Amino acid sequence: MPRPRTPLLNRERIVAAALRLVEEEGLAALSTRRLAGELSVSGPSLYNHFATKDELLDAVVDGVIGEVDLSMFGTGAPWPEALRDWARSYRAALAAHPNIVPVLAQGPGRRPNALRLADAVFGRLVEAGWPRGQATRIGALMRYFVTGSALASFAAGFPEDAGLYDAADYPHLGEAHRLAEHRAAVDEGAFETGLEALLDGLVLRFERLGRNGLQGPPAGQQDLPTAHQGSRATNAGRSSGSTGS
């Protein structure tokens with residue numbers, strides 16, 4: 001019998017099967033035995049590719065993060081516009097794979113795509129003139145907001161039972177039973193409202209930092225590439241003896 005041209009099992013096939021299982025049945029359904037059955041292989045063969053279940057989950061999560069568009073950070077777009085476009089792409093990726101969000105929300109860890117995402121967001125903010133400490137906090141803030149918005153549906157949390165919302169107990173929830181049927185409009189509208197509010201607040205904060213003399217590079221230099229920003233920061237540190245923050 002001729003030898004197969006491609007291996008029966010590889011990391012990509014395992015990750016795809018694991019993601020499919022999580023999407024269809026939830027995180028609790030993912031086990032070595034179950035995954036091996038889905039792939040029609042023996043359980044021990046999976047360990048040739050992933051030493052532990054956690055390592056496999058990291059690969060699954062990183063594959064989802066790899067769906068997030070980061071191209072806007074290299075276009076020279078104003079930082080609020082770049083953050084807006086990125087946040088929308090990030091949420092879309094998580095909304096497509098809601099069952100994996102609880103694991104993803106734990107942070108980048110050693111996941112390459114997640115680290116590239118963190119690097120892109122932080123780098124663009126520093127290029128724009130945000131102090132490094134502030135840029136770190138904004139990156140964390142945006143991640144909290146996006147992952148939180150993808151954890152569950154607000155609208156779907158209200159039962160479609162008009163009798164549940166007695167006016168004597170809940171005088172302002174007379175239409176709450178209709179929220180679930182408008183789930184997409186409510187949840188997407190909430191995300192967009194929150195995103196615009198966050199960005200508006202950050203723009204005001206950025207302007208205040210500039211007025212207080214705490215902003216990074218001067219006006220007209222905010223959009224230089226990361227490598228130039230790094231060189232400028234290094235030279236400034238050598239000339240002033242300051243390490244920055």
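The values are calculated or read from the model by the stated rules, or taken from the named source; none is laboratory data. Since this is a predicted model, take the numbers as computed values, not measurements. Neighbour counts are summed over all protein chains in view; Cβ atoms, including those assigned to glycine, are modelled from backbone coordinates with ideal geometry. Heavy atoms of the whole protein, side chains included, go into the accessibility calculation; ligands, DNA and RNA do not. Shrake-Rupley method; radii C 1.70, N 1.55, O 1.52, S 1.80 Å.
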Inspect all residues belonging to the stretch 170-179 and state whether any of them is open to solvent by less than 80 Å² (accessible area, probe 1.4 Å), at pLDDT below 90 and under 21 Å from TRP86 (Cα atoms). no
Between VAL15, VAL41, VAL60, which is hydrophobic (A, V, I, L, M, F, W, C), more than 26 Å from the chain's Cα centre (by Cα) and either modelled with pLDDT under 90 or under 24 Å from LEU94 (Cα atoms) (or both)? VAL41
Quick one: would you say LEU94 is open to solvent by less than 40 Å² (accessible area, probe 1.4 Å) and outside any loop (DSSP other than H, G, I, E, B)? yes
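Tally up the residues in the stretch 126-151 that are charged (D, E, K, R) and open to solvent by less than 20 Å² (accessible area, probe 1.4 Å), please. Give the steps one after another, and end with the answer.
Filtering the stretch 126-151 for residues charged (D, E, K, R) gives 127, 132, 137, 143.
Then keep just the ones that are open to solvent by less than 20 Å² (accessible area, probe 1.4 Å); that gives 127.
Qualifying residue count for the region: 1.
Please verify whether ARG111 is charged (D, E, K, R), under 19 Å from LEU204 (Cα atoms) and over 11 Å from the mean Cα position of the chain (by Cα), treating the condition exactly as stated.
Considered against the rule, which asks whether it is charged (D, E, K, R), under 19 Å from LEU204 (Cα atoms) and over 11 Å from the mean Cα position of the chain (by Cα), ARG111 comes out as no.
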Cβ-Cβ under 8 Å pairs, at least 6 apart or on other chains, the stretch 128-153 side assigned to a loop (DSSP other than H, G, I, E, B), far side open to solvent by 30 Å² or more (accessible area, probe 1.4 Å) and basic (Lys, Arg): SER153/ARG183
So which residues in the stretch 99-115 are outside any loop (DSSP other than H, G, I, E, B), free of Cβ contacts under 8 Å to residues at least 60 places away in the same chain and either on the phi > 0 side of the Ramachandran plot or surrounded by 19 or more Cβ atoms within 10 Å (Cβ to Cβ) (or both), if there are any at all? VAL101, LEU104, ALA114
Starting from the stretch 159-170, keep only residues that are without any contact (Cβ under 8 Å) to a residue 40 or more places away in the chain and outside any loop (DSSP other than H, G, I, E, B), then list their pairs with residues that are open to solvent by 70 Å² or more (accessible area, probe 1.4 Å) and of a type in the set (A, V, I, L, M) whose Cβ atoms are within a distance under 7 Å, requiring at least 6 positions of separation or different chains. none
As an exercise: evaluate THR193 against (1) open to solvent by less than 50 Å² (accessible area, probe 1.4 Å); (2) modelled with pLDDT of 85 or more; (3) under 27 Å from the mean Cα position of the chain (by Cα) and give the number of the one condition it does not meet. (1)
